[in-house]
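The values are calculated or read from the model by the stated rules, or taken from the named source; none is laboratory data. These numbers come from a predicted model, not from an experiment. Ideal geometry is used to build each Cβ from the backbone, glycine not excepted, and the neighbour counts take in all protein chains shown.
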Amino acid sequence: MDSTSLVVITEDNRFNRRLTKFQCYLTYFFIFSFVGWFLETIYSYFVLGHFANRGFLFGPVCPIYGFGALILLVFLDKFKDQPIKLFFAAVIVFSIFEYFIGYALDALYNLWLWDYKNEFLNINGRICLFFSIAWGVVALVFNYILFPVFKNFLSFISSKIPIKLQVIAINLCTMIFVIDVLYSLIQYSTF
């Protein structure tokens, strides 16, 4: 069985199905995008002293965290039983990813959501040694602690919710996300 599947097996036939792999990935993407937004919001509240939407989108999601989770689940999964390789692969992959996203936001919208210019060993203020190492640590914590807990919790929750309702929720989240992306792109294009 796939390590990302949300297994739903009960006596009741309306629950005796499971989400497709793609639907599981969408679920993880939305959950970790929201968790990332939540953590960024809490961080900014304590640093700035007030609420600040810390993402590119207007809704309560930071897709960079959702994509980060998917990178770990899809591309770096082959290192899940090799913590040292996972750490270094995550340092490299997430540093490239973070640099690319930072560059794209700057080039397309003159937008800097983070700035590491004052950090030790930074490259154009988009990545730095400290956060590159932090991404490696985050990958280990995600792989060995967070994801197993989230997966078990979601499997438990999904066993209580009819599959049709789960699919409706995923489709609704997808539609809202697409609308938010389009709205945000239009808004940032007019600045």
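The set of residues in the range 143-161 being touching a residue at least 12 places away in the same chain (Cβ under 8 Å), under 30 Å from ALA89 (Cα atoms) and not hydrophobic (A, V, I, L, M, F, W, C) consists of ASN143, TYR144, LYS151, SER155.
A single entry from LEU73, LEU129 fulfils the requirement of being at negative phi and over 19 Å from the mean Cα position of the chain (by Cα): LEU129.
Could you say whether any residue in the range 96-104 is part of a loop (DSSP other than H, G, I, E, B) and surrounded by fewer than 19 Cβ atoms within 10 Å (Cβ to Cβ)? There is no residue in the range 96-104 that is part of a loop (DSSP other than H, G, I, E, B) and surrounded by fewer than 19 Cβ atoms within 10 Å (Cβ to Cβ).
Beta carbons closer than 9 Å, at least 6 apart along the sequence or on distinct chains, never pair a first residue in the range 42-65 that is at positive phi with a second that is surrounded by 18 or more Cβ atoms within 10 Å (Cβ to Cβ).
Select from the range 126-182 the residues that are outside any helix (DSSP H, G or I), at pLDDT below 95 and not hydrophobic (A, V, I, L, M, F, W, C) and list them in ascending order. Scanning the range 126-182 gives SER159, LYS160, PRO162. Selection of the range 48-86 for residues being crowded, with 19+ Cβ neighbours inside 10 Å and over 30 Å from ASP180 (Cα atoms) yields only LEU86.
GLU119 fulfils the conditions (1) charged (D, E, K, R); (2) more than 18 Å from the chain's Cα centre (by Cα); (3) in a helix (DSSP H, G or I) except for a single criterion, (3).
List every residue pair whose Cβ atoms lie under 7 Å apart, where the two residues are 6 or more positions apart in sequence or sit on different chains, the first residue falls within the range 178-191 and is closer than 19 Å to PRO60 by Cβ and in contact (Cβ under 8 Å) with a residue 24 or more places away in the chain, and the second residue, located anywhere, is part of a helix (DSSP H, G or I) and not hydrophobic (A, V, I, L, M, F, W, C). Matching pairs, first to second residue: TYR188/TYR109. Of the numbered criteria (1) surrounded by fewer than 13 Cβ atoms within 10 Å (Cβ to Cβ); (2) within 16 Å of the chain's Cα centre (by Cα), the one ASN143 fails is (1). Considering the conditions (1) of a type in the set (Gly, Ala, Ser); (2) modelled with pLDDT of 80 or more; (3) part of a loop (DSSP other than H, G, I, E, B), SER44 is excluded by exactly one of them, (3).
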